[in-house]
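None of the figures in this text is laboratory data; all of them are computed from the coordinates on show. Because the structure is a prediction, the values reported are computed rather than measured. We place every Cβ from the backbone using ideal geometry, glycine too, and count neighbours over all the protein chains shown.
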Ligand SMILES: CCCCC/C=C/CC(=O)SCCNC(=O)CCNC(=O)[C@H](O)C(C)(C)COP(=O)(O)OP(=O)(O)OC[C@H]1O[C@@H](n2cnc3c(N)ncnc32)[C@H](O)[C@@H]1OP(=O)(O)O
């Protein structure tokens, strides 16, 4: 859903997909200044002029602050658990408790001001040109010492992959495949490597309904996994902490996987009413034997880093205290090797599998498209979003 299509004169904020927006919290706590009614009205007008969608988390915060500033504490009955959108709006408003109207008004003004400046600076990136690190909302991408590092950067959401992050990773991989670096590294910021697919991805339903949502998801997933299958340079995962779902399955497409001993590897697809992706239905049985793959992919057995290493999914495990230092020293040495030789050698090892992997990817996406429409999957997502279940 495009930003322009959304009623921005909140309270009609209607989307749910949540993205990280750390600056918001900072501004919510400011009470020293008081915005006038005129400032508040100006801010409401300014929201309408934003050129870029600020993301659903910010929109929910705007909605909540608007309601608090104009009506006071939440006075609506709590929507039912299946009414996901209204429930998210209610939660956001209710979370403001008894925040005074004036403070809510000030926070609204501050939030709009921070959104205006942050979105303006990120929209200065020319479309089609390689983005610098600052051009990404959900990643930190840097290139030095012959290494391009792509860091998942939604630590407050345990680096869950929202739709924007899927797109940004594809963009970063395409850029890295063409840049001067010899190798590319994927890692996570914060205590998690990644908690997998952002479960709120399932809640932003387009006008075509859940079927269209599932179809679009399958198209996006196929393209996303395809970027890993086709990546031409050595691709290394630095698994800095727990990894869940798609962040685990993709590891079968990496050329080396280095893990902290804090990392765990968990693919709870059956628990979520889903099925394997990331080509894991093919790579995992090959890497670790069909029975071990079934323990992980069907029964959801969580592996420690040591177990994942014993089963061939992880290349080597390092103590968390020396993980960064030891791995980066090693990677810097790898990056000094002749890049063309590395690329060609990777090609000889990987290319003959590519066609098979693309076929597996297509089949997995098609099966998942059906799974996403199942009651089993929908119930699991609702349970997580209503805070009834975690892994
Ligand atoms: C294009 C579509 C492609 C789809 C491809 C399909 C892929 C399949 C998968 O990846 S399946 C895996 C899905 N992941 C999960 O089910 C994980 C769900 N998360 C959890 O169970 C827990 O959050 C946890 C165990 C990862 C961490 O628990 P902990 O108690 O340590 O932390 P919190 O739960 O408080 O999490 C902190 C905030 O992060 C949010 N969050 C964490 N993971 C996700 C997620 N996967 N999706 C959405 N949001 C997530 C969590 O909600 C907290 O947010 P809050 O502070 O705003 O409440």
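Per-structure values
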{"quantity": "Per residue Cα convex hull volume in Å³ - calculated over the range 161-230", "calculated": "99"}
{"quantity": "Gained length - residue 71 relative to residue 352, 0.36 nm times residue gap less alpha-carbon distance", "calculated": "94.8 nm"}
{"quantity": "Cα gyration tensor category, rounded, prolate or oblate, for the range 240-326 with a/c compared to 1.5", "calculated": "prolate"}
{"quantity": "Extension gain, residue 211 back to residue 388 (0.36 nm per residue minus Cα-Cα distance, nm)", "calculated": "61.2 nm"}
{"quantity": "Ranked list, fewest to most other Cβ atoms within 10 Å of each Cβ, for 183, 229", "calculated": "229, 183"}
{"quantity": "Stretchable slack from residue 48 to residue 140, in nm (0.36 nm times residue separation minus alpha-carbon distance)", "calculated": "30.2 nm"}
{"quantity": "Simple label model, 7 Å out from Cα along Cβ direction - residue 78 to residue 41, nm", "calculated": "3.8"}
{"quantity": "Convex hull volume per residue in cubic angstrom - Cα atoms of the range 261-378", "calculated": "125"}
{"quantity": "Förster-model FRET efficiency, 22 Å R0, residue 330 and residue 310, C-beta, rounded to 0.05", "calculated": "0.60"}
{"quantity": "Ascending count of other beta-carbon atoms within 10 Å, so fewest first, for 219, 205", "calculated": "219, 205"}
{"quantity": "Quarter of Cα convex hull surface for the range 330-390, i.e. mean projection, nm²", "calculated": "7.6"}
